[in-house]
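K.L.:
Submitted below is the structure of interest, expressed as structure tokens.
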Amino acid sequence: MRSHYCGQLHADMVGAEVALCGWVHRRRDHGGVIFIDLRDREGLAQVVYDPDRAAPFAVAETLRNEYVVRVTGRVRPRPDGTLNPNLPTGAVEVLGHTLEVLNPAQTPPFQLDDENVNDDIRLRYRYVDLRREAMQDNIKLRSRVTRSLRAYLDDKGFLDIETPVLTRATPEGARDYLVPSRTQRGAFFALPQSPQLFKQLLMMSGLERYYQIVRCFRDEDLRADRQPEFTQLDMELSFVTEDDITALTEDMIRTLFKQVKGIELADPFPRLSYREAMQRYGSDRPDLRNPLELVEVGDLMQQVEFKVFSGPANQANGRVAALRLPGGTALTRKAIDDYTAYVGKYGAKGLAYIKVNDSEQGHAGLQSPILKFLPEATVQAVLQRVQAQSGDLIFFGADKARIVNDSLAALRVKLGEDLGLLQGDWAPLWVVDFPLFEYNEPERRWDSLHHPFTAPQQTPGDTGLHDSLARAYDLVLNGMELGGGSIRIHDSALQLQVLELLGIDEQQARDKFGFLLDALSYGCPPHGGIAMGLDRIVMIMAGARGIRDVIAFPKTQTASCLLTAAPAPAAPAQLRELGLRLAGAS
């Protein structure tokens, strides 16, 4: 039906006869001459109809936005003074010979050039929203990203292998989506949170290098970078170390950014230990473009009478940290109050501060409600440690370490965004040396920081397995975790030991993971892998607000599809087939 896409027209085609198909982006009637901006996936073309061709001109008079049409005509130069340098096809236009309406359209629910459309309306009419140039660019970028990743891994000897979607529940850290079985009443499949165990089994099968661009499912609370169903690039390799996997992943990401965006990333990516990342940034996914850092001052506060500081400073799980904001004395009291309210969302009970109006005047050059509670020598020691200068503002966090880290990390990010502090465009890094476990205080048990199949470092001096560091690594870019992975446990006895530490006894382990434990005992090679969030990679490359803008048909914050009105009630007959009855139903 077409000879060219609209966006393919150019000056060298002058005189050519073309056939175009697409949507009417705009119709303009200029004194008897009708101009149609015709849009398809590749761009816009201007088509001109004049009264000399009465039949197509009459049809052109009836057109409205989003009508689907087919046109034929001849490419010609645009008249002097009408060229559009902002449009790839802006040097030419098509003199229309024929015009066929393939399908009329109702008035769209919103204008495609309206940037302030309610998100729910966009998702309800997603097929219209996806016609917008920005959305089409995002979807095309996603396609280029997946093509680049596949080509890279294919060239490195990886095999693209599918793993099951209907499987059984495993402890991945989030709730599973359950699927009832019709043929086995009372039994349920789980949709996979990741292909973790299957990709390990592929290594035990001798396939050595596996990858998959795979859909995963997690029934969890959503944020801008979360969806109940998401896509990840999943990889697993045999006979490798951490350095092998991180080096290959680095090269893949550098190649991706170079091929798709023309961006040169650092070589090599810097590395931070988990401990150093938490000490300096309060987060295990810090944005290194932000120059602000946390500084530990708890040791300086242990003897002060101000219990707000000395209490956490003397607790094993407490922390007192400072965050210096250069030039921060320019902040108004209202701005400081707003930041205080902001950190309250992360559990902070307040936000103490000291303004350094003049560092040369000692105590007299400072301004703060807390100065009267702190010895002058302590204050000066703090200022010296954070390297305070005139005009600086020092924020403090004092509480349990988790609350201090969460609140000051969030404050650091917000100050960086609000005050334009970010330096450079791209800051990748690896975070390594994670703890293998973290203690769950409310439930008084140990949890895996990543997952229970991660191998321990078992470094000298460990007092027990729960004190070991993990052979794990996370890739972070601009403050966002792109992916994470680890070297896996390949010894069945060690795997049982880890599961036991997590409160899973041998019988429970056999019930849940008997197939894995058996496989480990039949000659399992050392292996490891990584999973990269494809949605996040595309989002950050596109500069999008969230991953919904790079997914064709995403869900809402309540895990609903407004387009199809899913989830929806099941018919009673379907429930009976599955042996299910809704609670409260008769």
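The values are calculated or read from the model by the stated rules, or taken from the named source; none is laboratory data. Quantities reported herein were computed from a predicted structural model and do not represent experimental measurements. Every residue, glycine among them, receives a Cβ derived from its backbone with ideal geometry; neighbour counts consider all protein chains shown. Only protein heavy atoms, including side chains, enter the accessible area calculation; ligands, DNA and RNA are left aside. Shrake-Rupley method; radii C 1.70, N 1.55, O 1.52, S 1.80 Å.
K.L.:
Regarding segment 1-129, what are the three Cα extents along the principal axes, ordered largest first, in Å?
P.N.:
So the three principal-axis extents are 46, 31, 30 Å.
K.L.:
Calculate, for segment 32-181, the solvent-accessible area per residue in square angstrom, rolling a 1.4 angstrom probe over the heavy atoms of the protein chains. Write down the numbers at each step before the final one.
P.N.:
Values: 7930 Å² over 150 residues.
Per residue, segment 32-181 has an accessible area of 53 Å².
K.L.:
Sticking with this structure for a sec: Where only protein heavy atoms count, and the probe is 1.4 Å, what is the accessible area per residue for segment 194-300 in Å²? Could you put the intermediate results ahead of the total?
P.N.:
Working: 4430 Å² over 107 residues.
Dividing the accessible area of segment 194-300 by its residue count gives 41 Å².
K.L.:
Would you work out if segment 353-427 is rounded, prolate or oblate? Take a ≥ b ≥ c from the square roots of the eigenvalues of the alpha-carbon gyration tensor; rounded if a/c is under 1.5, else prolate when a/b is larger than b/c, oblate otherwise. List each step's numbers first, then the result.
P.N.:
Details: a/c = 2.49, a/b = 1.46, b/c = 1.70.
Taking the square roots of the gyration eigenvalues as a ≥ b ≥ c, segment 353-427 is oblate.
K.L.:
If you wrap a convex hull around the Cα atoms of segment 207-278, how much volume per residue is inside, in Å³? Walk me through the intermediate numbers first.
P.N.:
Details: hull volume 12.1 nm³, N = 72.
Enclosed volume per residue, from the Cα hull, is 168 Å³.
K.L.:
Relative contact order for segment 1-151 using alpha-carbon pairs under 8 Å, separation at least 6, rounded to a whole percent?
P.N.:
Numbers: 279 pairs, mean separation 32.3, N = 151.
Rounded, it is 21 percent for segment 1-151.
K.L.:
Let me ask another. Could you report segment 493-572's accessible area per residue, 1.4 Å probe, as an integer in Å²?
P.N.:
Details: 3650 Å² over 80 residues.
With the other protein chains kept in place, segment 493-572 gives 46 Å² per residue.
K.L.:
How high is the relative contact order of the chain, in percent, counting Cα pairs under 8 Å that sit 6 or more residues apart? It would help to have the intermediate numbers written out before the result.
P.N.:
Working: 1100 pairs, mean separation 77.3, N = 586.
Reported as a whole number, the value is 13 percent.
K.L.:
OK, next. Could you work out what % of the accessible surface of the chain is carbon and sulfur, using a 1.4 angstrom probe and leaving DNA, RNA and ligands out of the count?
P.N.:
Values: 14190 of 28920 Å².
Summing carbon and sulfur atoms, their accessible area is 49 percent of the total for the chain.
K.L.:
So what is the diffusion coefficient of segment 48-97 in µm² per second by Stokes-Einstein at 10 °C and 1.306 mPa s, using a Kirkwood Rh over Cα pairs?
P.N.:
Working: Rh = 12.2 Å.
Calculated translational D: 130 µm²/s.
K.L.:
Okay, moving on. Looking at the chain, do any whole DSSP H helices span at least 20 angstrom along their long axis by alpha carbon and average -1.0 or above on Kyte-Doolittle, and which?
P.N.:
Working: long enough: 133-155 (33 Å, -0.91); 242-261 (28 Å, -0.40); 401-418 (25 Å, 0.09).
Those that pass (Cα extent of 20 Å or more, hydropathy at least -1.0) are 133-155, 242-261, 401-418.
K.L.:
For segment 1-90, calculate the relative contact order in percent as a whole number, restricting contacts to Cα pairs under 8 Å that are 6 or more residues apart.
P.N.:
Details: 166 pairs, mean separation 31.6, N = 90.
Relative contact order comes out at 35 percent.
K.L.:
As a check on your grasp of the helix formula, calculate [θ] at 222 nm for the chain: sum -39500 (n - 2.57) over DSSP H runs of n ≥ 4, divide by the residue count, round to the nearest 500.
P.N.:
Values: 15 runs with 167 residues, N = 586.
Calculated at 222 nm, the ellipticity per residue is -8500 deg cm²/dmol.
K.L.:
Can you give the local net charge around Gly32? Use residues other than it whose beta-carbon is closer than 11 angstrom to its beta-carbon, Lys and Arg +1, Asp and Glu -1. The partial results should precede the final answer.
P.N.:
Numbers: positive: none; negative: Asp29, Asp50, Asp52, Glu61.
Taking every Cβ under 11 Å from that of Gly32, the sum is -4.
K.L.:
Looking at (i) 1.05; (ii) 1.03; (iii) 1.17, which value of Rg/Rh (Cα atoms, Kirkwood Rh) comes from a calculation on the structure shown?
P.N.:
Computed from the coordinates, Rg/Rh (Cα atoms, Kirkwood Rh) corresponds to (i).
K.L.:
Please compute the Kirkwood hydrodynamic radius over segment 468-514, one decimal place, Å, based on all pairs of different Cα atoms.
P.N.:
Working: mean 1/r = 0.0791 Å⁻¹.
It works out to 12.6 Å.
K.L.:
Give me a comma-separated list of calculated 3J(HN,Hα) values for segment 34-49, in order, Karplus coefficients 6.51, -1.76, 1.60 applied at θ = phi - 60°, integers in Hz, x for any Gly or Pro.
P.N.:
Along segment 34-49, the couplings run 9, 10, 10, 8, 9, 10, 9, 4, 9, x, 10, 9, 8, 10, 10, 10 Hz.
K.L.:
In addition: Which lysines, if any, have their Cα less than 29 Å from the Cα of Lys261, not counting same-chain residues under 8 positions apart?
P.N.:
Filter leaves Lys140, Lys156, Lys414, Lys555.
K.L.:
Quick check: the distance between the Cα centres of segment 175-247 and segment 545-586, to the nearest angstrom?
P.N.:
After rounding, the separation between the Cα centres reads 22 Å.
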